[in-house]
Amino acid sequence: MLAPMEDLFGPAPETPAAPPAADAPLAERLRPRSLGDVVGQEHLTGPEGAIGRMVAAGRLSSMILWGPPGTGKTTIARLLAQAVGLRFVALSAVFSGVAELKKAFAEARTMAGAGQRTLLFVDEIHRFNRAQQDGFLPYVEDGTVILVGATTENPSFELNAALLSRAQVLILHRLGADALATLLARAESVEGRPLPVTEPARAALIASADGDGRFLLNQAETLYSVALPAPLDPAGLGAFLQRRVAVYDKDREGHYNLISALHKSMRGSDPQAALYYLARMLVAGEEPLYVLRRITRFASEDIGLADPQALVQCLAAKDAYDFLGSPEGELAIAQACLYCATAPKSNAAYTAQKAAWKAARETGSLMPPAHILNAPTRLMKDIGYGKGYAYDHDAEAGFSGADYWPAEMAPQTFYQPVDRGFERKIAERLAYWEGLRRAKDSTDPGA
């Protein structure tokens with residue numbers, strides 16, 4: 001749905017914006033009136049920031065504002081247009097389609113002919129499909145519009161490369177505690193009274209916002225809307241307000257960031273951090289068996305034979321979760337996570353697998369040596385299948401030292417155990433067999 005600036009934010013930029021009504025929502029009354037009022041994004045809006053430099057020069061380039069909800073993307077776009085005297089038009093990719101885009105571009109071209117350039121703000125721009133995104137390209141290239149897109153999703157995954165090449169990607173930060181505290185102080189100033197909470201509850205209120213300034217102001221407005229007999233302590237605040245649900249989309253970047261953090265925390269043998277990221281995912285509603293599948297993969301990739309019990313623990317956790325369900329079964333997942341985080345680490349099996357698979361692709365259909373082939377028919381015996389096979393159980397030390405590689409291929413070393421955990425024993429065993437093999441070769445007249 002196309003909406004001129006007047007419909008969304010008050011008068012056009014060349015006319016000073018009217019103050020919000022006294023009964024307007026708190027977030028609207030506190031909406032920044034200049035870029036200097038925006039909190040938490042000084043790395044962009046400050047004198048040395050990308051936006052600050054563009055405003056100082058009086059020239060904007062197209063940009064993508066990428067950041068979590070409630071960090072000021074829409075406000076910054078509006079203030080940018082105001083700062084450099086551009087006409088402001090807003091679209092939402094949730095409600096708009098090709099018709100609205102064409103209308104916006106046509107109006108922008110007409111206004112450009114009259115000497116008024118347009119800043120086109122597109123909220124949730126990642127929701128436009130690839131063809132719709134391509135539709136922006138000619139109008140951005142010829143300067144018909146300055147495009148400012150806003151997205152909560154990683155532009156690398158969600159936006160066309162062609163569009164990204166024509167726009168700067170500017171990253172907005174999740175609002176920190178200091179920025180959120182500033183918003184609360186402004187709210188108290190506007191309301192003319194302190195928030196009805198104790199200092200510990202104030203800290204809890206800030207933490208509950210999870211970096212979302214808009215959510216924090218809505219919570220503050222709820223507190224101001226009722227008459228409380230006494231300031232709320234943290235327990236009272238928790239009973240009175242709902243905590244913000246953590247930002248977590250199971251099929252988007254937040255999902256992959258957390259599973260990466262879990263994996264790397266386990267690899268780094270930090271059980272505390274690993275348990276934290278496991279909790280982040282499960283509390284946010286991630287499918288428990290998905291997380292356990294990834295931990296099980298970790299048991300083979302990053303532990304392997306350094307502790308063969310790691311894989312057993314993961315599979316036991318899967319059985320326990322299937323038997324108990326949530327939430328009781330999640331304890332078994334936590335146990336598997338802690339076991340893997342505290343186990344000795346080795347990627348020798350993982351590295352060996354990749355190397356062996358590569359060799360298999362490169363060597364094609366080489367025949368194994370005839371002496372280790374079965375000979376179920378007389379013809380196969382006649383042509384040498386199985387001839388000279390050394391049965392290891394009959395050899396001294398149960399080891400024949402035979403050559404098992406194709407004749408056209410030199411013996412390879414794919415698996416190299418590390419000197420940690422159970423693999424230390426495996427390394428000793430392999431060294432022992434290698435010594436026997438060398439002794440055999442040195443006394444074998446055919447070697």
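Among the listed residues L379, L331, identify the single one that is open to solvent by 90 Å² or more (accessible area, probe 1.4 Å), more than 30 Å from A316 (Cα to Cα), among the aliphatic types (A, V, I, L, M) and not in a loop (DSSP other than H, G, I, E, B).
On the way: L331 fails: more than 30 Å from A316 (Cα to Cα).
Answer to the check: L379.
Within the stretch 93-113, count every residue that is at pLDDT below 90, among the small types (G, A, S) and crowded, with 19+ Cβ neighbours inside 10 Å. The number of residues fulfilling the criteria is 2.
Is there a residue in the stretch 220-227 that is of a type in the set (V, I, T) and either at positive phi or assigned to a helix (DSSP H, G or I) (or both)? Within the stretch 220-227 (the criterion being of a type in the set (V, I, T) and either at positive phi or assigned to a helix (DSSP H, G or I) (or both)), the answer is yes, since at least one residue qualifies.
Scanning the stretch 217-235 for residues that are within 13 Å of R202 (Cα to Cα) and open to solvent by 70 Å² or more (accessible area, probe 1.4 Å) yields a total of 3.
Residues in the stretch 124-146 that are buried (at least 23 other Cβ atoms within 10 Å of the Cβ), closer than 13 Å to S92 by Cα and not aromatic (F, W, Y): I125 alone. From the set of residues in the stretch 357-373 that are open to solvent by 100 Å² or more (accessible area, probe 1.4 Å) and not in a helix (DSSP H, G or I), which is farthest from Y389 (Cα to Cα)? So, considering only residues that are open to solvent by 100 Å² or more (accessible area, probe 1.4 Å) and not in a helix (DSSP H, G or I), the one farthest from Y389 (Cα to Cα) is S365.
The residue of the stretch 147-169 that is farthest from V38 (Cα to Cα), among those that are open to solvent by 10 Å² or more (accessible area, probe 1.4 Å), touching a residue at least 40 places away in the same chain (Cβ under 8 Å) and hydrophobic (A, V, I, L, M, F, W, C), is F157.
Within the stretch 190-215, restricting attention to residues that are charged (D, E, K, R) and assigned to a loop (DSSP other than H, G, I, E, B), the residue that is most open to solvent (accessible area, probe 1.4 Å) is R193. Of all residues in the stretch 254-275, those satisfying the criterion of being open to solvent by 70 Å² or more (accessible area, probe 1.4 Å) and farther than 12 Å from A341 by Cα are Y256, N257.
Residue by residue through the stretch 162-189, note down the ones that are of a type in the set (G, A, S), in a helix (DSSP H, G or I) and under 23 Å from E141 (Cα atoms).
Taking the stretch 162-189 as the starting set, the residues that turn out to be of a type in the set (G, A, S) are 162, 165, 167, 176-177, 179, 181, 185, 187, 189.
Checking the rest, the ones that are also in a helix (DSSP H, G or I) come to 162, 177, 179, 181, 185, 187, 189.
Correct list: A162 only.
Listed conditions (1) in contact with a strand residue (DSSP E or B) (Cβ under 9 Å, 6 or more places away or on another chain); (2) open to solvent by less than 20 Å² (accessible area, probe 1.4 Å); (3) of a type outside the set (S, T, N, Q) are all met by L175, apart from (1).
The values are calculated or read from the model by the stated rules, or taken from the named source; none is laboratory data. As the structure is a computational prediction, the values presented were derived from the model and not from experiment. Don't worry about glycine lacking a Cβ; one is built from the backbone with ideal geometry, like all the others, and counts go over all protein chains shown. To get the accessible areas, we keep the full protein, side chains included, count just its heavy atoms, and leave off ligands, DNA and RNA. Shrake-Rupley method; radii C 1.70, N 1.55, O 1.52, S 1.80 Å.
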